[in-house]
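The structure under discussion appears below in the form of structure tokens.
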Amino acid sequence: MTTRAFFLLLPCMVLLSAALLLLVKIFLIKSSMDEICSQLEEQLSGDTNILISTSSRDKQIRRLAAGLNMELQKLKKMRRQYQNGNRELQDAIMNISHDLRTPLTAITGYLDLLETEEKSDNAVRYLSYIQNRAEALKNLTDELFCFAYTTLPEKGLPLEAVCLNAALEESIAAFYAALSGRGILPKIFITEKRIFRQLNTEALSRIFDNILNNALKYSGGDLQICLLEDGTVSFSNQAPTLNKIQTGRLFDRFFSVEAAQNSTGLGLSIAKALTEQMNGIITACYENGTLHVNLSFPQS
């Protein structure tokens, strides 16, 4: 190779070397970014104190990792503050609800005693108003208490063998007077086969009660209740004040329509939370003006 040819090839060799170095640099940067992204996903999906690290010697990559670590520390601090604040709020709701129950129990007790006393017509009417308001306040307090309870993830429900037939019959009996007062005569079909599931008795009673209370709010004057041999429980009633969009939101917290007076909008939200804690499924659909609420629990 002549000197002239060497000098002609030299620029090409330099460009080729630079291109190779650039490709290596790009590959290393890409590898470092993939490494950081992978660690970032783990940091965001879990609660770990391990910082993002990089094997790159590039100053900019290391500065990026350090900056992400700073922001992650701030995010984790904010998350802890939110969790602590949420827990304190839930505890406060539970405590307030519990404290309200004691005077409410005394009030309702004395109201029951007043029923046996002689009263004027006005006193009877006023007593009826007081009883109605006291019962509404008691229901609101119970719903707030259950809402706070069911949103605590550390709370577990002790399970035992529960007969769905007996639990459903008990809830229907408790609501029969209220349903009759609204002119609702429920059509009931409960299979003769005894259906047992691993459930919490109080939670199941609360679920049935909340669904029945929902029927009181929205029923157009009818109610059908079925318990099938596969353990599926269904509640159906005409609901002229509802539509498909509103039905899709019935399980949302604090959602209620104007037709539902004295309601926190927590009843079905609580029912859904309790159902899912016991590995059950609860759904609602609206077809031809009829609201269907279906409930099922897996067989152990």
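The values are calculated or read from the model by the stated rules, or taken from the named source; none is laboratory data. These figures come from a predicted structure and were not determined experimentally. Note that each Cβ is placed from the backbone with ideal geometry, even for glycine, and that neighbours are counted across all protein chains shown. When the accessible area is computed, the model is the full protein with side chains, heavy atoms only, and any ligands, DNA or RNA have been set aside. Shrake-Rupley method; radii C 1.70, N 1.55, O 1.52, S 1.80 Å.
Would a scan of region 116-133 turn up a residue that is surrounded by 11 or more Cβ atoms within 10 Å (Cβ to Cβ), part of a helix (DSSP H, G or I) and at pLDDT below 75? No, region 116-133 contains no residue that is surrounded by 11 or more Cβ atoms within 10 Å (Cβ to Cβ), part of a helix (DSSP H, G or I) and at pLDDT below 75. Evaluating residue 164 against the criteria (1) open to solvent by less than 30 Å² (accessible area, probe 1.4 Å); (2) at pLDDT below 85 leaves one unmet condition, (2). When the residues of region 207-254 are filtered to those that are farther than 21 Å from residue 185 by Cα and part of a helix (DSSP H, G or I), the one that is most open to solvent (accessible area, probe 1.4 Å) is 244. If I filter region 51-61 for residues that are loosely packed, with under 13 Cβ neighbours inside 10 Å, under 26 Å from residue 80 (Cα atoms) and out of contact with any strand residue (DSSP E or B) (no Cβ under 6 Å at 6 or more places or on another chain), do I get at least one hit? So far as region 51-61 goes, yes, one or more of its residues are loosely packed, with under 13 Cβ neighbours inside 10 Å, under 26 Å from residue 80 (Cα atoms) and out of contact with any strand residue (DSSP E or B) (no Cβ under 6 Å at 6 or more places or on another chain). Contact annotation: residue pairs with Cβ atoms under 8 Å, 6 or more positions apart or on different chains, pairing a residue in region 275-300 that is assigned to a loop (DSSP other than H, G, I, E, B) with a partner that is of a type in the set (Gly, Ala, Ser), are 278/203; 280/296; 289/220; 289/239; 297/231; 297/280; 298/280; 299/231.
Taking the numbered list (1) open to solvent by 80 Å² or more (accessible area, probe 1.4 Å); (2) at pLDDT 75 or above in turn, residue 38 passes all entries but (1).
Answer yes or no as to whether residue 192 is under 20 Å from residue 143 (Cα atoms) and free of Cβ contacts under 8 Å to residues at least 12 places away in the same chain. Talk me through it step by step, then tell me what you get.
Values: under 20 Å from residue 143 (Cα atoms): no; free of Cβ contacts under 8 Å to residues at least 12 places away in the same chain: yes.
Here the answer is no, as residue 192 does not meet what is asked.
Report yes if some residue within region 194-212 is more than 17 Å from residue 276 (Cα to Cα) and polar (S, T, N, Q); otherwise report no. No - not one qualifying residue is present in region 194-212.
Sort through 241, 232 and tell me the only one that's more than 12 Å from residue 294 (Cα to Cα) and among the polar types (S, T, N, Q).
On the way: 232 fails: more than 12 Å from residue 294 (Cα to Cα).
One residue alone meets the criteria, 241.
Checking each residue in region 66-93 for being open to solvent by less than 70 Å² (accessible area, probe 1.4 Å) and at pLDDT below 80 picks out 85, 86, 90, 91, 92, 93.
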